[in-house]
Amino acid sequence: MSVIGNFDITLKSIRGKKQGGLYFKMEDEVLKGILDYEERLIDIEDLKVDGGKFTGSFPFKSALGDMQVMMKGVVEGDTVTGAVEAGIMKIKINGTRVE
């Protein structure tokens, strides 16, 4: 699978840019995804991959309350692009493979 690997990412929203990580690995023949954001390691649930395209979701607790966040993106070579969406909030993701 072309998405497997570790990526250093920048998450860009109306609040500015933040650094993070996006990690995809095979574990017991199942693809696992983890988002490293604001010193939290968040398991990506319902992860689906089609070639280099991926989608998933995860629960997130914020000052606004608990919400289910949707994530989608594309890995092309050593580059990942995509977005995280929760309600009206959209955060763009751009990154580069590091391993």
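Per-structure values
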{"read-out": "Size-normalised alpha-carbon gyration radius of region 5-97, reference 2.2 N^0.38 Å", "value": "1.02"}
{"read-out": "Charge dipole (debye, nearest 20) of region 5-97; +1 at Cβ of Lys and Arg, -1 at Cβ of Asp and Glu", "value": "540"}
{"read-out": "Number of Lys pairs (Cα under 12 Å; 8 or more positions apart or on different chains) in the chain", "value": "9"}
{"read-out": "Region 75-99 and region 1-64: distance between their alpha carbon centers, rounded to Å", "value": "8"}
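Read the figures in this text as sums done on the coordinates, not as results from a lab. These figures come from a predicted structure and were not determined experimentally. Note: ideal-geometry Cβ built from the backbone for every residue, glycine included; neighbour counts use all protein chains shown.
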